[in-house]
1. Summarise the partner chain shielding of B:187-199 as one whole number: the mean count of Cβ atoms from other chains within 10 Å of each residue's Cβ.
2. Angle between the Cα long axis of helix B:76-95 and the longest principal axis of chain B, 0 to 90 degrees, nearest 10?
3. Per the Cauchy relation, a quarter of the hull surface: what is the mean projected area of the convex hull of the alpha carbons in the stretch A:5-213, in nm²?
4. Of B:143, B:215, B:34, which is farthest along the charge dipole of chain B in the positive direction, counting Lys and Arg as +1 and Asp and Glu as -1 at C-beta?
5. How big is the charge dipole of chain A about its Cα centre, in debye rounded to the nearest 20, if each Lys and Arg gets +1 on its Cβ and each Asp and Glu gets -1 on its Cβ?
6. Taking chain B on its own, what percent of its Cα-Cα pair distances exceed 29 Å?
7. Using Cα pairs closer than 8 Å and at least 6 residues apart in sequence, work out the relative contact order for the stretch B:1-136, in percent.
8. At R0 = 35 Å, how high is the FRET efficiency between residue A:193 and residue B:84 if r is their beta carbon distance? Nearest 0.05 is fine.
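Taken together, the values in this text are just the output of simple stated rules run on the coordinates, not laboratory data. Being a predicted model, the structure only gives us computed values, none of them experimental. Cβ: placed from backbone, ideal geometry, glycine included. Neighbour counts: every protein chain shown.
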Amino acid sequence: MFKVLKWYVKKDIGFLELNSPPSNSMSSMFFEEFYWWRTEIISKSDVKALIIYGNGRHFSSGAVIGDLLGIISRSYNQHGDIKKVSEFLNINSHVFYSLKDLKIPVVAAVRGVCIGSAFELALCTDYIVCGEKAVLGLPETSFGLIPGCTGTYLLPRITRKSIAMEIILSGSTFSPQQALEWEIIQKIVPAKDTLEFAIHIAEKLSKNFTKELRTV
Amino acid sequence: MTKSNISNWEKIGNIGILTLSNGKENYLIEPEFVKLTDLQKWTDDTELKGVIIRGLGRNFSAGASINDLINLARDNSQLSQKIEAGKQILDFIEDLNIPVVASINGVCFGGGLEIALACHMRIASENALFAFPETNLGLIPGLGGIYRITQLLGNHYVYELVLEADMLNATNAKEIGLIDYISETKDAFELSHFKIKNLTNDRSKEVICSAMQAIRNAETMNRVDALKIETELFCKLALKIKIHQQE
């Protein structure tokens, strides 16, 4: 069914695995499959919570920039209008953000690298648990871009504007400890326990969850 | 160096430095601590990548002095005009799409604190002190300070700070999130300059402006519009990279 995602249900919890190891980078195919998963699969699944995680040591290294640049320039050559180009790409942002329309809690279980669009995806969940050695960040400005998939909108609303500005403009990665202090993530556990803790918290959150609890 | 009201402007590399300069406490005299037209002219500069606002000497600013206020209040319509002009200056600073850092030594009171709150980041020395003393004089902060501090910290600390005119030292201010960093050196300027360079070095002006605009939109726009513009800015920058690579 999927090539770069893996979807399964265990004990009423839905698991979405980002599955293009080793870095689980987000290719054009990822965005297509993610769209399909969000619009077609979830609504037909009877689950009480969702967990998103990466196959292997890393969550994900984010979007494949070459893929994105290719899509944007082809589309621009075809339409000659930046608005048309971004209308199409904007769908990705809305699909990421639409995790917040779900009536069930969504947990990101983050081990290893979680940067760029992958970090933006995590920001769209309700609870981020990180393994100790996780690496977080929005490096886009260091290669001439800005975060383009909800990051510039969500980060200043989750944490202080000054912190969002520093994360986005410096492009530097940061530790889960730092992220916890900035109130961007909720929990740090030993790396090997990340998924297990995510299941524990998903169980707990699902008991009395209503989507009105979401504030961002 | 150029001067406008009580402010001096100079550039160090790509960074503009606005220095409040009026005696030991850098009293504001009037809400227009700089002429808006001058500030607009100085910041309308394609090379400029960031701004630091600081006070000359050992203090940031003690805000308006009681005597200045009494003078201003003699003419009611003039007072409200002046306050409106002060608000416009602070709005202009907050809306700048390059980072603005407040570099704070010593006292940062009243209108001084309101200026600092309009900046995008606050860096203070260990001896910095923060307060809204206005209610002691039967006034309230008048330049948008109450709104900005509520946006920054939520309602939790506003009553103590505004109604009880509590004073905070740098450590307290850092704990509640009023400031972002405490400088280890006596003058916060060194760290402020280091930080702003870290945010702007190796970044094109267009990347800086796009990022700052998108972050500002998160506060001022609804989600659908903010996300739409985020993607548009992203695509514009992406096309530049592509063109650059093909050349």
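1. 1
2. 30 degrees
3. Reported value for the Cα convex hull: 11.3 nm².
4. Ranked along the dipole, the leading option is B:215.
5. Using only the charged Cβ atoms, the result is roughly 300 debye.
6. That fraction is 30 percent.
7. That works out to 24 percent.
8. 0.05
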